[in-house]
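Remarks on the structure that follows.
The values are calculated or read from the model by the stated rules, or taken from the named source; none is laboratory data. Bear in mind that the values here come from a model prediction, so they are computed numbers and not experimental data. Neighbour counts run over all protein chains shown; Cβ positions are idealised from the backbone, glycine included. Remember, those area values only see protein heavy atoms, side chains included, never the ligands or the DNA or RNA. Shrake-Rupley method; radii C 1.70, N 1.55, O 1.52, S 1.80 Å.
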Amino acid sequence: MKKITILGSTGSIGLSALDVIGKNPERFQIVALAAGKNVKLLKKQIDIFKPKIVSASTKENAFKLSQSLPLNNKIKILYGKEGLNEIAAFPAADIVVSAISGAAGLMPTLAAIDAGKDIALANKETMVMAGEIVNRRAKLKKVKILPVDSEHSAIFQCLQGEKIENLRRIILTASGGPFINFNVNQLKQVKLNQALKHPRWKMGKKITIDSATLMNKGLEVIEAKWLFNLDMVKIDVLIHPQSIVHSMIELIDGSVLAQMGIPDMRIPIAYALTYPERIINNIESLNLLKTEKLEFLKPDIKKFPCLRLAYEAGICGGTTPAVLNAANEIAVAAFLERKIKFVDLPGIIDKVLNAHVCGNDSSLESVINADFWARIKTKEILERIKS
Ligand code: NDP
Ligand code: MG
């Protein structure tokens, strides 16, 4: 029986993970859950999965939750950052699903690694900000970082049985988001509700906007650099609107291996939870006779500069990816609040990156300081746009 903690249980990945876990009660047991504000859903999850310990984002939310549970319940309820870190390190767990969105996922993921837990990693921002630190600590604690992001799971699956030195390059595929065929003028008119409609995947709001700007693919390039210890020049991106080929590896003999399947996050989640085993997932078969024609296109970095910004930040290294990530988070939040236009996003992030001095210090303290600085800087730039 594998004992599992989920950080971000009320989100898109959290729900898919609980679906896989709930369908395999003989294999998996939930021991701890952490959510943010959605107390109602967390309560439902507690009723079904009976964790020993849970956390919510604030004291008020934790209180609301405790009021909704029967008086004789034995569940420990925590809140805030400390609560989240305690959940992440909860001793009973074998593996922690890291599925909080954004930089808030970093510290609890590190807490889980330090506590010796294997990580099923959805929270790519952790790798973008602190990939080097994650790898160092994971090695020290002998824990596995198992990718949940579908592209990285694809690469990880293709690499099974292969020697990393035989890898020529990896090719990350990208759906391209809803605006892949838009011209520059159409992009200027993009409305929030259009950007929130992803053609292939149903995901949280932040990653959905990142997919529309191609920043998501940029973050994934940096994520791949650390997950597979690759030089940035060995990471290519191809737009593949059908999202059937989830990514590919090319080996030194010219062989290209791809992992394919219908787009359903329960596939990579189940693989991360059962690796190196596989389980019956009851997921629809891929019927290539019925799928649309598979296309592969070069990403247009003029129309979608976020991908270029992320490559540059990844090459620069040090704290620059943390700055990219923080600027993106603040700018995306402003777009979600309808304070800026879709086409404003790359320019704002670029301004913050330009104000940052690229250095190779990547200690945790520097990363956290850079994240903090970039958030303030981005807010300053947003203020100037408004006035
Ligand atoms: P969602 O927005 O759907 O879910 C985020 C989860 O994190 C929710 O449970 C939310 O709680 C919780 N949360 C957010 N902030 C905090 C906080 N400060 N403290 C505690 N909990 C918090 O996001 P997704 O599930 O879409 O994405 C999660 C991560 O997985 C992201 O890093 C994303 O990039 C990555 N990912 C997602 C994919 C997808 O298909 N969705 C695919 C590949 C990667 P609440 O809702 O209760 O407030
Ligand atoms: Mg992905």
field: Yes/no for GLN194 being out of contact with any Gly (no Cβ under 9 Å at 6 or more places or on another chain) and more than 16 Å from ligand 2 (Cβ to nearest atom)
entry: yes
query: Quick one: what pairs do we get from the range 11-31, first residue within 16 Å of ligand 2 (Cβ to nearest atom), second open to solvent by 50 Å² or more (accessible area, probe 1.4 Å) and assigned to a helix (DSSP H, G or I), C-beta under 6 Å, 6+ apart or different chains?
result: SER16/ARG266
field: Pair list, Cβ < 9 Å and 6+ apart or interchain, from the range 220-237 residues that are at positive phi to residues that are surrounded by fewer than 21 Cβ atoms within 10 Å (Cβ to Cβ)
entry: ASN229/ASN135; ASN229/ILE164
message: If LYS202 meets every condition in (1) more than 12 Å from ligand 2 (Cβ to nearest atom); (2) modelled with pLDDT of 95 or more apart from one, which number is that one?
response: (2)
query: If you check every pair at least six apart or on different chains, which have Cβ atoms under 6 Å apart with a residue in the range 124-139 that is closer than 10 Å to THR109 by Cβ and in contact (Cβ under 8 Å) with a residue 60 or more places away in the chain first and a residue that is within 11 Å of ligand 1 (Cβ to nearest atom) and of a type in the set (D, E, K, R) second?
result: MET127/GLU223
query: Residues that are more than 24 Å from ASP149 (Cβ to Cβ) and acidic (Asp, Glu): which helices (runs of 4 or more DSSP H) entirely in the range 1-92 hold 1 or more of them?
result: 39-49, 59-68, 80-88
- request: Inspect the range 140-147 for any residue being more than 15 Å from ligand 2 (Cβ to nearest atom), touching a Ser or Thr at 6+ places or on another chain (Cβ under 8 Å), over 30 Å from LYS339 (Cβ atoms) and open to solvent by 20 Å² or more (accessible area, probe 1.4 Å) and give the result as yes or no.
  value: no
- line: Listed by first then second residue, the pairs whose first member lies in the range 318-337 and is of a type in the set (Phe, Trp, Tyr), whose partner is in a helix (DSSP H, G or I), with beta carbons under 8 Å and at least 6 positions apart or on separate chains, are PHE335/LEU192; PHE335/ALA195; PHE335/ILE209; PHE335/ASP344; PHE335/LEU345
query: Do we have GLU132 as over 22 Å from the mean Cα position of the chain (by Cα), more than 16 Å from ligand 2 (Cβ to nearest atom) and under 23 Å from VAL233 (Cα atoms) here?
result: no
message: Tally up the residues in the range 103-126 that are within 11 Å of ligand 1 (Cβ to nearest atom), crowded, with 20+ Cβ neighbours inside 10 Å and either over 20 Å from the mean Cα position of the chain (by Cα) or over 20 Å from ASP19 (Cα atoms) (or both), please.
response: 8
task: Look at ILE180 and say whether it is under 15 Å from the mean Cα position of the chain (by Cα), away from ligand 2 (no atom under 12 Å from the Cβ) and open to solvent by 20 Å² or more (accessible area, probe 1.4 Å).
output: no
- prompt: For the range 270-387, list the helices (runs of 4 or more DSSP H) that sit wholly inside it and hold at least 2 residues that are over 23 Å from the mean Cα position of the chain (by Cα); which are they?
  reply: 344-355, 364-386
task: Output the residue which, of all residues in the range 78-102 that are farther than 20 Å from VAL143 by Cα and not hydroxyl-bearing (Ser, Thr, Tyr), is surrounded by the most Cβ atoms within 10 Å (Cβ to Cβ).
output: GLY83
message: Looking for something in a helix (DSSP H, G or I) and touching a Lys or Arg at 6+ places or on another chain (Cβ under 6 Å) - is there at least one such residue anywhere in the range 174-182?
response: no
- request: Looking at (1) open to solvent by 10 Å² or more (accessible area, probe 1.4 Å); (2) closer than 21 Å to ILE239 by Cα; (3) of a type outside the set (Gly, Ala, Ser), find the lone condition where LEU172 falls short.
  value: (1)
field: Selected residue (only one of ILE385, ILE315, ILE376 is closer than 20 Å to GLY102 by Cβ, open to solvent by 40 Å² or more (accessible area, probe 1.4 Å) and among the β-branched types (Val, Ile, Thr))
entry: ILE376
